[in-house]
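The block underneath contains the structure these notes are about, expressed in structure tokens.
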């Protein structure tokens, strides 16, 4: 099982002891009623979805569920990809906190993003002989592997890619094992072998890579007590449809409020990048009328594709569509019927940008646990909630951590970088660094001898000056001795710094990568 106690540099904002999950009630009565109903629907749907996952019976008795009318609800979420340790840490801390307060905990799978859910990075040696011959610094590169069935063209939505056949999974595992071994990651290879076996136990066909990742992650002890639910399922809940209809009913005003919140956030925090934390929505006019970009996707569920939603004004009517054209008329008071007609065509409206977090927090969460990215953008969502809904936003917290596959090499890399940054100080003031295992033993002995000689010369220099005698000769000797100290220290440091200079950018990227799959870090199995 993945162990969060081994995580490095944990980030908890605020500190875990300061996390609060007070029941959140909006001041708007209609929103409160919608939220109360939505929370019930969320828990019901999440229980149904989680109960259908492979191996669900192994942990179902410990699931963090309950009555949402009487229990706080903690949410977290991410794309249903293969997690790195920082995400694993976030899920485990969320589970730990929710259990400690008796809360319902739900993990939202952002399955409507595009990409290959089964893809993951693998370190490999550029030259296998480098690793076979030993040494601390193999030349490294990064390969990509996937559990997803091969398909032509660009990847579709994360939730649609199918898990490859068992034979493909076996061959993938063999290749990954070879790459890990050539990179010197034997412990990771052993850890991966265990999890690859879990992937091979899944059905031959008919399962998405996203579901496979979720099931395997939970079997590895990452969020195994959380309820799970994809965003595409959430957006089919009637309460969410009503919530989005409220946005569409005043879409032009919402367009302005969304941009106002983003611009105010940037101004308040001195952010000049107009794409940060989300790009402003655009407005366009032409012979076909006026149109407004909205923070929504029009998702083609059967086709596994998505397009940005635009609101069209044409001939005194309002239409919902994409940049290339209209899809359905948006009649005042009948927005829900318009969205239903989209569902009949296999299409669905899904929030994007800041509207994802706003929807999840307003309708469901008493506390939302983000990673580092969400922790940066959600203050802008707070502003949107205040500007548009007129509510004090529900709380959020941040949890993340790092683990490095090449721990020994990375520690040495940091040490060498510190040397490089302090090279002048090390050379001109070596006496400050003696006895710290910075210099070799031979160089340190030589430096101590030279420093002792320097001390004698300094005393003689002071004596002559006090006596009014010429100290020019002693000053010259001191200059020469100082130069010898600098040369001795520099010559000893140069071989170490040369290693740093010779490392390729690609190797450095692998040494510092914090996004390797969680399943490279499982503890070794117990001895028989």
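Structure notes:
- Rounded to the nearest whole angstrom, the semi-axes of the ellipsoid equivalent to the stretch 251-339, taken from the Cα gyration tensor as √(5λ), stand at 26, 16, 12, largest first.
- Taken along the Cα-to-beta-carbon direction at a fixed 7 Å, the label points for residue 37 and residue 503 span 5.8 nm.
- By average C-beta atoms within 10 angstrom, highest first, the peptides 32-43, 284-295: 32-43, 284-295
- Gain in span if fully extended, residue 52 to residue 343, counting 0.36 nm per residue against the direct Cα distance: 102.4 nm
- Remark on the stretch 454-528: Rg and Dmax equal 26.4, 82 Å (Cα only).
- Dmax and Rg, reported as Rg then Dmax, of the stretch 329-394 (C-alpha, Å): 14.8, 40
- The stretch 312-368 and the stretch 27-71 have Cα centres separated by 24 Å.
- Length gained when the stretch residue 267-residue 376 is fully extended (0.36 nm per residue, less Cα-Cα span): 37.8 nm
- Mean separation of Cα contacts under 8 Å (6+ apart) over length of the stretch 299-398, as relative contact order %: 19 percent
- Computed helical MRE - 222 nm, the chain, DSSP H runs ≥ 4 contributing -39500 (n - 2.57), nearest 500: -15000 deg cm²/dmol
- With the Kirkwood sum run over all distinct C-alpha pairs, the stretch 169-225 has a hydrodynamic radius of 12.2 Å.
- Relative contact order %, the chain, counting alpha carbon pairs below 8 Å whose residues are six or more apart: 21 percent
- Remark: 356, 222 ranked as 356, 222, counting other beta-carbon atoms within 10 Å and listing the fewest first.
- Paired Rg and Dmax values of the stretch 119-220, which use every Cα atom, in angstrom: 15.0, 45
- Centroid-to-centroid separation of the stretch 218-281 and the stretch 175-213 [C-alpha atoms, Å]: 34 Å
- Cα convex hull, the stretch 170-264: 205 Å³ per residue, rounded to a whole number.
- Ranked packing of 173-181, 211-219, most packed first, by mean Cβ within 10 Å: 211-219, 173-181
- Gain upon complete extension [residue 448, residue 470; 0.36 nm per residue less C-alpha separation]: 5.2 nm
- For the chain, the longest principal axis of the C-alpha atoms and the axis of helix 29-51 are separated by about 70°.
- Kirkwood Rh and Cα Rg combined as Rg/Rh, the stretch 407-512: 1.15
- Residues 364, 406, 97, sorted so that the one with the fewest Cβ neighbours within 10 Å comes first: 97, 406, 364
- Note on residue 323 and residue 496: the model spin-label points, each 7 Å out from Cα along the C-beta direction, lie 5.3 nm apart.
- Between 0 and 90 degrees, the angle of helix 472-502 with respect to the longest Cα principal axis of the chain falls at about 40 degrees.
- By average C-beta atoms within 10 angstrom, highest first, the peptides 300-309, 365-374: 365-374, 300-309
- Taking the fewest neighbouring Cβ atoms within 10 Å as the starting point, the ordered list for 71, 245, 194 is 194, 245, 71.
- DSSP assigns beta bridges within the chain; of those with both partners inside it, close to 70 percent run antiparallel.
- Cα long-axis angle, helix 372-384 against the chain (0 to 90 degrees, to the nearest 10): 50 degrees
- The stretch 119-220 - percent relative contact order, Cα under 8 Å, separation 6 or more: 31 percent
- Those residues of the stretch 479-508 whose amide nitrogen sits under 18 Å from the label point placed on residue 432, 7 Å along Cα→Cβ: 482-483, 485-490, 493
- Distance in nm between pseudo-label sites at residue 313 and residue 18 (7 Å out along the Cβ direction from Cα): 4.6 nm
Rule-based calculations on the coordinates, nothing more; no lab input. It should be emphasised that the depicted structure is a prediction, and the values quoted were computed from it without experimental measurement. Note that each Cβ is placed from the backbone with ideal geometry, even for glycine, and that neighbours are counted across all protein chains shown.
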